[in-house]
Every structure is written in C-alpha cells, then in structure tokens.
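The values are calculated or read from the model by the stated rules, or taken from the named source; none is laboratory data. Since we're looking at a predicted model, the values are computed, not measured. When we count neighbours, we look across all protein chains shown, and the Cβ atoms used for this are built from the backbone with ideal geometry, even at glycine.
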Amino acid sequence: MAATKTIVLITGANSGIGFELAAQLTAKDSYHVLMGVRSMQKGNAALAQLQSHNLHLPGTPELLHLDVTDNETIHRAAETLQDEFNTNATGPAVVTESFAPLLRKSTASPRIINISSGAGSISRRLDPSSVLYKVPGLQYRVSKSALNMITACQWVEYGPAIKVFAYDPGFTQSNLSERNTAENGAKPAAEAVRPLIDVLEGKRDEEVGQLLHDTGVYPW
C-alpha cells in the first residue's frame, strides 16, 4: 500500500451503502479501504464482487472482521459492545473510540462520518410538514437519534483535530427492510454514495459537526 493513500474504514461494507462506498473508493487510486464485515464469508463474497468488476482495482481493498454487535471481534480489531441500538449507536461509538488514537496520529485531515438518518432528527419528528412525520419505526428513530447525539459529542471531544459529521444518505435501495426497493422509490446505492464521497474528500467541511444530507443540513 502506498504511503500516500488515504485509509478509510467502512463498517457494514459487504452490502448496501457500505459496499457501494467501498466500490466507488477503490475505483480511485488514492484510497486504501478497510472493509469491516460481520461475516468473513459475506466479506469474501463482497470482495470477489468488487474484483469481478475490475481485476486491477486502482484502490486497495482489505477485509477486516469487525462485527459491531460482537464484543470479541471489535476487541480484536481495536475494542467492545451489542443489536438495532448497538448497530446504529453503541457499535459506531465503540469503533470510533477504539480507533480514535490512530486518527489523532494522522496528518491527512482525519474525519469520522456516521451514517445516520433524518428519521433521527427530533426537530423533524415534531414538524407536521416533514415527509417523515407519520412514518413509524420507533426503535430505528431512537437509535439514529442516539447516533446523532454521539456525533455531537464526538465533535465536541475530537474537533477540530478530527472532523466529525453525521450523514443521511436518504431512502436507498438496500437489505435494510422490504420497503427499500426501487419500486418504492428508493434510489440506487451508487447515487446515494456520490454526495457522501464529497464529505469524505473535504468538499463540505464548512458544515462540520452537523447532520448532513445530499443537498444541505437537517436540524438535530
């Protein structure tokens, strides 16, 4: 791996937004992508799928066994903790805390981007004009709201040395639920990831410490 490559750790990299982000980043020669996966079997399948598109990827992908609901694998990769809440809130917090010492040592504009949702915005939940006003999903909302608070706390703790963002990719085709399909209006993961790469590459640094979406900022 060239010393000049930017290292990106992606949790949940074997499917959905995580996989598409890995695919788009490894299509560039400036990235070394650590693909965090719960299952090495699924991870190897995802890696094979990446390489089937391009046997000589400009970027360099690497699998990392990292299950944010399994204490042992987090400990092995860096450290600890547990399900909707663990995946969306506790897990990302533990992963970040574990890898923060490495980020602090970086001289290449280190950043943390938590994949959140406007569904976790308390302000939007109370706004009758919001498209999500009548959408249920209490557990999901609460877990993403917790992640938003974690993002705010991380920004206070780590900023400005480490730039911290929450990012909502929008309604995207994925295996998150049966509703996340093109027939229901969900956008392709490739489309959802492009604005996320802008955040990763510093094009929206003036909005640091906030909950971003593809064209703006949501209130907490």
Quiz prompt | Subset of the stretch 23-59 that is among the basic types (Lys, Arg) and more than 16 Å from the chain's Cα centre (by Cα) - its residue that is farthest from ALA108 (Cα to Cα) | solution = LYS42
Exercise. Among the candidates LEU147, LEU212, single out the residue that is under 13 Å from SER117 (Cα atoms), among the aliphatic types (A, V, I, L, M) and either in contact with a Cys (Cβ under 8 Å, 6 or more places away or on another chain) or not in a helix (DSSP H, G or I) (or both).
Key: LEU212
Practice problem: Just give me the residues in the stretch 1-22 being over 14 Å from the mean Cα position of the chain (by Cα) and more than 23 Å from ALA100 (Cβ to Cβ), in sequence order. | Solution: ALA2
Self-check item: Test set (1) closer than 28 Å to TYR31 by Cα; (2) at pLDDT 80 or above - PRO128 fails condition number
Solution: (1)
Exercise. Output the residues belonging to the stretch 17-42 that are surrounded by 20 or more Cβ atoms within 10 Å (Cβ to Cβ) and either among the aromatic types (Phe, Trp, Tyr) or part of a helix (DSSP H, G or I) (or both).
Key: ILE17, GLY18, PHE19, GLU20, LEU21, ALA22, ALA23, LEU25, THR26, TYR31
Self-check item: Output for the stretch 183-217, where each listed residue is of a type in the set (A, V, I, L, M, F, W, C), closer than 16 Å to SER15 by Cα and out of contact with any strand residue (DSSP E or B) (no Cβ under 7 Å at 6 or more places or on another chain)
Solution: ALA190, VAL193
Practice problem: Tell me which residues, restricted to the stretch 118-141, are within 15 Å of LEU211 (Cα to Cα) and either part of a loop (DSSP other than H, G, I, E, B) or among the β-branched types (Val, Ile, Thr) (or both). | Solution: SER121, ILE122
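Okay, residues lined up against (1) in contact with a His (Cβ under 9 Å, 6 or more places away or on another chain); (2) crowded, with 17+ Cβ neighbours inside 10 Å; (3) of a type in the set (Val, Ile, Thr):
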residue: SER109; (1), (2), (3): no, no, no
residue: SER117; (1), (2), (3): no, yes, no
residue: GLY120; (1), (2), (3): no, yes, no
residue: ASP127; (1), (2), (3): no, no, no
residue: VAL131; (1), (2), (3): no, no, yes
residue: GLY137; (1), (2), (3): no, no, no
residue: LYS144; (1), (2), (3): no, yes, no
residue: LEU147; (1), (2), (3): no, yes, no
Quiz prompt | So ALA189, is it in contact with a helix residue (DSSP H, G or I) (Cβ under 6 Å, 6 or more places away or on another chain), closer than 21 Å to ASN88 by Cα and either crowded, with 18+ Cβ neighbours inside 10 Å or of a type outside the set (Lys, Arg) (or both) | solution = yes
Quiz item: Any idea which of GLY170, GLY202 is assigned to a loop (DSSP other than H, G, I, E, B) and either surrounded by fewer than 13 Cβ atoms within 10 Å (Cβ to Cβ) or modelled with pLDDT of 95 or more (or both)?
Solution: GLY202
